[in-house]
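Peer 1: Have a look at this one before I ask anything.
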Amino acid sequence: MKFLTTIKRIILNKWSLGIAILLIGFVVFSNILIANYASEKIFTQENETPETSVALLLGTSRYTVRGNTNLYFKYRIQATTNLYKSGKIKHIIVSGDNSLSSYNEPREMRKALIANGIPDSSITLDFAGFRTLDSVVRCKEVFGQNNFIIVSQQFHLERALFIADKFDIDAIGFVAKNPPEKYSFKTNFREYFARTKAIIDIYILNTQPKFLGEKEIINL
């Protein structure tokens, strides 16, 4: 009996090790695939960025849990402002989470954009951008855009552009400045698993936006 128990333990340990290796390999593969996928569609300088009518600004919270200004928010607002004032875009769709009445990413981003001199008439709010997939797909299905520029940090853009391509959307990305490494460590770590989730959503689960609703076509 002891011999059989030992054999079973060895087999279980090997299976556990094998599964762990497969999972780690899948996470690594997902990150390599997405990181390399959209490199030619990402721009870092306004003068090198193609003109598009619409920019999709991906939402994030204005403040950190400690009440400080969120640098991801600050840098995305600045990047979008630069695109608008350089004439590269005419309109901005601000897409973010508004799942709670006390938490409203799109409105906070609109306030910051207006404070930077962008007219309210050039801003459309998308309150159902609960995830990156929702924001990207809704830009096409709800707001009628199939050719637009996405604004966020590079790690986020790579995933967003990967999603866009899989939904037959012709998008490019403009890079917002990334916060210092110590500041962004947790976010970058979570991104490894977010990319794996994106692969599962697209190729296995066929995930769709949580909410579409009526169309709000933007004609420019």
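Peer 1: Nearest 10 degrees is fine. How inclined is helix 2-37 to the longest principal axis of the chain, computing both from alpha carbons?
Peer 2: The angle comes out near 20 degrees.
Peer 1: Next question. So for each of 52-63, 196-207 I average, over its residues, the number of other beta carbons within 10 Å; can you give me the resulting order with the highest mean first?
Peer 2: Numbers: 52-63: 21.7, 196-207: 14.4.
Ranking the peptides 52-63, 196-207 by packing returns 52-63, 196-207.
Peer 1: Quick one: angle between helix 181-200 and the longest Cα principal axis of the chain, in degrees between 0 and 90, rounded to 10, please.
Peer 2: The answer is roughly 70 degrees.
Peer 1: Further question: What does the C-alpha gyration tensor say about the overall shape of the range 25-155? Classify as rounded when a/c is under 1.5, otherwise prolate if a/b is larger than b/c, or oblate. Kindly include the intermediate steps, with their values, before the conclusion.
Peer 2: Values: a/c = 1.43, a/b = 1.12, b/c = 1.27.
The shape class here is rounded.
Peer 1: With the cut-off at 1.5 for a/c, could you classify the range 138-201 from its C-alpha gyration tensor as rounded, prolate or oblate? Kindly include the intermediate steps, with their values, before the conclusion.
Peer 2: Details: a/c = 3.00, a/b = 1.59, b/c = 1.89.
Because a/c hits 1.5 or more and a/b fails to exceed b/c, the range 138-201 counts as oblate.
Peer 1: Say R0 is 41 Å: what FRET efficiency, to the nearest 0.05, do Ile217 and Asn36 get from their beta-carbon distance?
Peer 2: Numbers: r = 34 Å, r/R0 = 0.83.
For R0 = 41 Å, the calculated efficiency reads 0.75.
Peer 1: Please grab the % of Cα pairs in the chain that end up more than 24 Å from each other.
Peer 2: Values: 11037 of 24090 pairs.
That fraction is 46 percent.
Peer 1: Does the range 92-181 come out rounded, prolate or oblate, given a ≥ b ≥ c as the square roots of the eigenvalues of its C-alpha gyration tensor, rounded meaning a/c under 1.5 and, failing that, prolate meaning a/b above b/c? Intermediate results must be reported in sequence, preceding the final value.
Peer 2: Details: a/c = 1.44, a/b = 1.23, b/c = 1.17.
Rounded, since a/c falls under 1.5.
Peer 1: How much mean residue ellipticity at 222 nm does the chain get from its helices, if each DSSP H run of length 4 or more adds -39500 (n - 2.57) and you divide by all residues, to the nearest 500 deg cm²/dmol?
Peer 2: My calculation for the chain gives -16000 deg cm²/dmol from helical runs alone.
Peer 1: With +1 on each Lys and Arg Cβ and -1 on each Asp and Glu Cβ, how big is the dipole of the chain about its Cα centre, in debye rounded to the nearest 20? Let's see the in-between values first.
Peer 2: On the way: 28 positive and 20 negative charges, 234 e Å.
Approximately 1120 debye in magnitude.
Peer 1: A further question follows. Please report the spacing between the Cα centers of the range 95-148 and the range 162-200 in Å, no decimals.
Peer 2: If you average the Cα positions of each part, the centres end up 17 Å apart.
Peer 1: Once the other residues with Cβ under 15 Å from the Cβ of Tyr84 are scored (Lys, Arg +1; Asp, Glu -1), what is the net sum? Display every interim value, and only then the final one.
Peer 2: Details: positive: Arg76, Lys85, Lys88, Lys90, Arg110; negative: Glu46, Glu51, Asp120.
Its environment carries a net charge of +2.
Peer 1: With every protein chain left in place, what is the accessible area per residue of the chain in square angstrom, probe 1.4 Å? Don't jump to the answer; show the numbers that get you there.
Peer 2: Values: 12530 Å² over 220 residues.
Value returned for the chain: 57 Å² of accessible area per residue.
Peer 1: What value in Å³ per residue do you get for the convex hull of the alpha-carbon atoms in the range 62-101?
Peer 2: Numbers: hull volume 3.3 nm³, N = 40.
Spelled out: Cα convex hull of the range 62-101, divided by residues, is 82 Å³.
Peer 1: What percentage of the solvent-accessible surface of the range 36-183, computed with a 1.4 Å probe over protein heavy atoms, is contributed by carbon and sulfur atoms? Write out the running numbers ahead of the final one.
Peer 2: Numbers: 2920 of 6610 Å².
Carbon and sulfur: 44 percent of the exposed surface of the range 36-183.
The values are calculated or read from the model by the stated rules, or taken from the named source; none is laboratory data. Just so you know, these numbers come straight off a predicted model, no measurement behind them. Note that we place each Cβ from the backbone using ideal geometry, even for glycine, and neighbour counts take in every protein chain shown. Side chains are part of the model used for accessible areas, which takes the heavy atoms of the whole protein and leaves out ligands, DNA and RNA. Shrake-Rupley method; radii C 1.70, N 1.55, O 1.52, S 1.80 Å.
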